[in-house]
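In what follows, a structure is listed as structure tokens, so that the remarks can point back to it.
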Amino acid sequence: MSQITLAICRHAPYGNALAREGLEAVLAAAAMDQTPDVLFTGDGIFQLLPDQAAGEIDQKSLHRNLQALPMFGVEQIYVCQRSLEERAVSSNRLAIAGINLVLVQDTGGLISRYQHVLSF
Amino acid sequence: MTLHIVNQSPYRTSALRDCLDAMADGDALLLIEDGVYAAGAPTGIAPIPAGTYCLQADAVARGITPAKSITLIDDERWIALCVEHTPIVSWF
Amino acid sequence: MIFSLVVYSAPHAGESAATAVRFARALVDQGHRLYRVFFYGDGVHSGSALAAPPQDEQDLLGQWQALYREHGVDLVVCIAAAQRRGVLSQSEAQRLERPAANLAEGFELGGLGQLADATAHSDRIVTFGGSA
Amino acid sequence: MSQSVTIEGREIPLDKEGYLRHLQDWSPAVAEYMAASEGIDLTEAHWEVLNLLQDFYRQFELSPAMRPLVKYVGQQLGPDKGRSIYLMQLFPPSPARVASKIAGLPKPTNCL
């Protein structure tokens, strides 16, 4: 059964507030039992890179925030395979405990299953 | 069917390319704001599918003449496209 | 049909703040219901009463307020994004011990739950993205 | 009105809602003071949850909302304690907010 809302995260962390604020929106919806599905695509896949030491630039670690997703009831995320390949990022570097990473080839087909898409 | 909206110049960000990669058969594409720079002469960056829509006011404002295969629309028609499609995805 | 809009761009910075208000006006003129406009990210600056553009430029604030006055459109400024950027109601300015409030009449501060609520109560959501 | 309290000989500035101005000022004695101002007498059961909240914050750099807090407590302390009613009894009337405050986590941005 498809969900109502898909959140598409396609901005890199730190360089743009949208990455963090998008995640906050996902967490807030999940905390209200309206958990959206989440797709990381484009530069958004950089949010998933391990070993982020955001303290070096006086920011909070977006990757640590992402690790909280299972606590909010998000146990699966979609990741665009083509975006990973374009950026030479191997999917097996991106493991997050408690989250099932689903690689997507047909993002258009995925998007079409939802009533609403929020872009971040 | 999805309505995709792109508001970025194809020369500045990957919004248009990412959008084209995510289009399914039957989806519609609307170019607005700086997105209309993709509606003029073929860019070599990404071929625009036939049947693409372009917000006329945004093209006229910028002195861009869209290719013949592109349908120019006003705000009313934009809203009609939103009614006809779901979901609506913005690429920026 | 019931619409909600999400606005990310600051007025007079990105064009999409202006596109959004024009789209909103066209929506209600066509008889659609605009359930909510949710201002997020830099979009929260739309709710600042202190914007004073020259007379020969667009008055975006006035256009949003007209939609509120004439159609009761729910103009919600995300409180978390607004706190960071300095868009505060009187009560928030007091609570956070800041020297002034600037939230314009017709706008209200609301939580991100209001965005989730908008997705649940609208047939269509249209996002007006930033350009940065 | 800004205020400060003196705890264990240190002057601790608080904001008008009683939150720490500087998170690094937190200490167990500060927690006792903040709990008292919420009408709560800290017991071992309270401390168990406060420590978990601090773990949650260290791990995720977030203050938890109610739903994740309940889940986290359930995972760490077992299903008997991972229930909102249990947390409600310890930290009324709003466990995520009250316990986060006492645990010295940042003031939430999203409550009016």
*When the accessible area of chain C is computed with all protein chains present and a 1.4 Å probe, what percentage of it is carbon and sulfur?*
47 percent
*How big is the charge dipole of the protein assembly as shown about its Cα centre, in debye rounded to the nearest 20, if each Lys and Arg gets +1 on its Cβ and each Asp and Glu gets -1 on its Cβ?*
280 debye
*Going by accessible area, probe 1.4 Å, with all protein chains left in place, what is the ranking of D:Met34, D:Met66, largest first?*
D:Met66, D:Met34
_From the helices alone, meaning DSSP H stretches of at least four residues, give me the mean residue ellipticity at 222 nm for chain A, per-run term -39500 (n - 2.57), in deg cm²/dmol to the nearest 500._
-7000 deg cm²/dmol
*Chains A and D: what accessible area do they bury, summed, in square angstrom to the nearest 100, with a 1.4 Å probe?*
1300 Å²
*asked:* Counting only protein heavy atoms and a 1.4 Å probe, tell me what percentage of the range A:47-114's accessible area is made up of carbon and sulfur.
replied: 43 percent
*Percent antiparallel among DSSP beta bridges with both residues in the protein assembly as shown, to the nearest 5?*
15 percent
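In percent, what relative contact order does the range B:3-91 have, based on Cα pairs under 8 Å that are 6 or more apart in sequence?
35 percent
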*Which value, in Å² rounded to 10, gives the accessible area of A:Lys60 with a 1.4 Å probe and all protein chains present?*
80 Å²
_Suppose only helical runs count, i.e. DSSP H with n ≥ 4. What mean residue ellipticity at 222 nm does that imply for chain C under -39500 (n - 2.57) per run, divided by all residues and rounded to the nearest 500 deg cm²/dmol?_
-10500 deg cm²/dmol
*Mind jotting down a quarter of the surface of the convex hull over the alpha carbons of chain A, in square nanometres, one decimal?*
7.0 nm²
*Note down the relative contact order for chain D as a percent, whole number, built from C-alpha pairs under 8 angstrom at least six residues apart.*
24 percent
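Viscosity 0.692 mPa s, temperature 37 °C: what is the translational diffusion coefficient of the range B:3-91 from Stokes-Einstein with a Kirkwood Rh over Cα pairs, rounded to a whole number of µm²/s?
After rounding, the answer is 258 µm²/s.
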*When Cβ neighbours within 10 Å are restricted to other protein chains, what is their mean count per residue of peptide A:67-73?*
6
*Just by accessible area at a 1.4 angstrom probe, what is the order of A:Arg82, A:Arg87 from largest to smallest?*
A:Arg82, A:Arg87
*Average projection area in nm² (convex hull over Cα atoms of the range D:8-90, one quarter of hull surface)*: 5.9 nm²
*Give me the accessible area buried between chains A and B, both sides summed, with a 1.4 Å probe, in Å² rounded to the nearest 100.*
1200 Å²
*Would you mind listing how long the range D:44-102 runs along its three principal axes, going by Cα atoms, in whole Å with the largest first?*
25, 22, 22
*asked:* For chain C, what does the relative contact order come out to in percent, with C-alpha contacts under 8 Å and a separation of six or more?
replied: 37 percent
*asked:* Along its three principal axes, how long is the protein assembly as shown when you only count alpha carbons? Whole Å, largest extent first please.
replied: 77, 54, 39
*Roughly how much accessible area, to the nearest 100 Å², goes out of reach of solvent when D and C pair up, both sides summed, probe 1.4 Å?*
900 Å²
*Gain in length, D:Thr6 to D:Asp55, computed as 0.36 nm per residue apart minus the alpha-carbon separation, to one decimal in nm?*
15.0 nm
*Per residue, what accessible area does the protein assembly as shown have, given a 1.4 Å probe and all protein chains present, in Å²?*
43 Å²
*Take the Cα atoms of chain C, build their convex hull, and give its volume per residue in Å³.*
101 Å³
*Report, in debye and to the nearest 20, how large the dipole of chain A comes out about its Cα centre when Lys and Arg carry +1 and Asp and Glu carry -1 on their Cβ.*
100 debye
_Can you give me the % of accessible surface on the range B:3-91 that is carbon or sulfur? Probe 1.4 Å, all protein chains present, nothing else counted._
52 percent
*asked:* Not counting ligands, DNA or RNA, and with a 1.4 Å probe, what is D:Arg10's accessible surface area in Å² rounded to the nearest 10?
replied: 90 Å²
_Built amide H within the under 5 Å cut-off of C:Val6, gap 5+_ = C:Phe38, C:Val126, C:Thr127, C:Phe128
_Using protein chains only and a probe of 1.4 angstrom, how many square angstrom of B:Asp25 are accessible, to the nearest 10?_
150 Å²
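The values are calculated or read from the model by the stated rules, or taken from the named source; none is laboratory data. These figures come from a predicted structure and were not determined experimentally. Counting neighbours? That spans all protein chains shown, and the Cβs are built from the backbone with ideal geometry, glycine included. Areas reflect the complete protein model, heavy atoms only, side chains present, ligands, DNA and RNA absent. Shrake-Rupley method; radii C 1.70, N 1.55, O 1.52, S 1.80 Å.
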